[in-house]
1. For the range 1-42, which positions are over 24 Å from ASN298 (Cβ atoms) and basic (Lys, Arg)?
2. Here are the criteria: (1) of a type in the set (Lys, Arg); (2) closer than 27 Å to LYS11 by Cβ; (3) in contact with a strand residue (DSSP E or B) (Cβ under 8 Å, 6 or more places away or on another chain). Tell me which single one ARG220 does not satisfy.
3. Can we say PHE229 is modelled with pLDDT under 90, buried (at least 21 other Cβ atoms within 10 Å of the Cβ) and out of contact with any Cys (no Cβ under 6 Å at 6 or more places or on another chain)?
4. Please determine, by comparing only the residues of the range 155-204 that are polar (S, T, N, Q) and assigned to a helix (DSSP H, G or I), which one is nearest to TYR217 (Cα to Cα).
5. Go through ILE274, ILE304 for me and flag whichever is at pLDDT 85 or above and more than 23 Å from the chain's Cα centre (by Cα).
6. Looking at the range 70-83 only, could you name the residues that are touching a residue at least 24 places away in the same chain (Cβ under 8 Å) and either of a type in the set (Asp, Glu) or closer than 12 Å to GLU45 by Cα (or both)?
7. Among ALA156, ALA208, ALA191, which is without any contact (Cβ under 8 Å) to a residue 24 or more places away in the chain and either under 20 Å from LYS91 (Cβ atoms) or not β-branched (Val, Ile, Thr) (or both)?
8. Only one residue in VAL148, VAL138 is touching a residue at least 24 places away in the same chain (Cβ under 8 Å) and of a type in the set (A, V, I, L, M, F, W, C), so which one is that?
Amino acid sequence: MFLPKYTITNKILKNIGVVDASREVIINSPLIPAWEAKFRKEAIERTIHHGTHIEGNQLSFEQAQEVLDGQDVIARDRDIQEIINYRNVLKFIDNISNQIGSGGNYILTMETILEIHTLTIEKLINPEFAGKFRLKQVVVKNSLTGMVSYTPPPAAEVPYLMEDLLNWINCDDSDDVHPILKAGIIHYELARIHPFVEGNGRTARATATLVLFLDSYDIRKFFSLEEYFDNNPMDYYLTLQAVSNQLVLDSHERDLTPWLEYFVEGVAIELNKIKERVRRISLDSRVKDKLGEQVELNERQMIIMEYLHRHKQMQNRDFRKIFPDYSDDTVLREIKFLKQKDLVKKTGGTKNAVYVLK
């Protein structure tokens, strides 16, 4: 049976600590419904855009949003279809997650992975390849040089390797593996086996996300690992390839430690960013308690409130440090709104104004 080989390094331990601490803040934060819905929508948009962009999709983030909103976009049909397909993949995963949340049981099966692949490549390749393992040898080439960077296992081995992987996922031993590590292992193995003619990367990332959900590690569905991978795709592909190209006699001897260090660090970075935003937005809930009504603060207003909570006061000279890309007039308009809501007060004259929490 498949048994992953890796070492729990200090780097992995440190980042898992960051992940778990961030998760606690996120899942226990008293977000008001409007912000929770907004966070989930943004996470879906980022996941879809970056999950397809890393594979060569040419749409900008704004264009991807327009496609998801049902607007007409002038672009390649393939790029538009990839966005639609990945949205359908996330809906499929979300339905499974909701089933688990309602008390249902769900075991990851081969049919689930094949369905994820079918949704991923719908209308992009010949339908006879949808949800079917490849029957021929393929290679992974460097898009710039054309050189072969990785040769996956022979096609004849794919069904057995996939069955072996699923047996490990569903065995008792894997229950003792931290959900983040398990997701990283599954992501890597699907990328290594390369079971399909096309759509392997998106299928691997989507399945890893589903595995997190199956282990109740959905973290309110606020995160997007694809953004981390897409921010530096060279690191993503080189790390995968470096592990896959290790010279070993047996695939079970392949050391996954470098990949897992990279993967866990990405989860930690993404969740730490989300944690900081959640902390700012939780100010909105405190505002509601203070005023007895819901006041939806925009991003700049929340930053001002957070700054005042941390530093107790703000002066005009702080504007450039906090908002380097906005004019003083813009910042003053945001402060005026907070003053009108009786959240902030001003002391001193115009030039020496000091703003504090009311």
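1. Selection gives LYS5, LYS11, LYS14, ARG23.
2. Only one criterion in (1) of a type in the set (Lys, Arg); (2) closer than 27 Å to LYS11 by Cβ; (3) in contact with a strand residue (DSSP E or B) (Cβ under 8 Å, 6 or more places away or on another chain) is unmet by ARG220, namely (3).
3. Numbers: modelled with pLDDT under 90: no; buried (at least 21 other Cβ atoms within 10 Å of the Cβ): yes; out of contact with any Cys (no Cβ under 6 Å at 6 or more places or on another chain): yes.
The answer is no for PHE229.
4. Of the residues in the range 155-204, the ones polar (S, T, N, Q) are 167, 170, 174, 200, 203.
Filter once more, keeping what is assigned to a helix (DSSP H, G or I): 167, 174, 200, 203.
Working: ASN167: 21, SER174: 15, ASN200: 23, THR203: 19 Å.
Per the criteria, the residue is SER174.
5. Working: ILE274 fails: more than 23 Å from the chain's Cα centre (by Cα).
Exactly one residue qualifies, and that residue is ILE304.
6. If we filter the range 70-83 for residues that are touching a residue at least 24 places away in the same chain (Cβ under 8 Å), which is where we start, we get 78-79, 81-83.
If the condition is that a residue be touching a residue at least 24 places away in the same chain (Cβ under 8 Å) and either of a type in the set (Asp, Glu) or closer than 12 Å to GLU45 by Cα (or both), then ASP79, GLU82, ILE83 are the ones that fit.
7. On the way: ALA208 fails: without any contact (Cβ under 8 Å) to a residue 24 or more places away in the chain; ALA191 fails: without any contact (Cβ under 8 Å) to a residue 24 or more places away in the chain.
Matching residue, one of ALA156, ALA208, ALA191: ALA156.
8. Numbers: VAL148 fails: touching a residue at least 24 places away in the same chain (Cβ under 8 Å).
Result of the check over VAL148, VAL138: VAL138.
The values are calculated or read from the model by the stated rules, or taken from the named source; none is laboratory data. Everything numeric here is computed off the predicted structure, so don't read it as measured data. In this analysis, Cβ positions are derived from the backbone assuming ideal geometry, glycine residues included, and neighbour counts consider all displayed protein chains.
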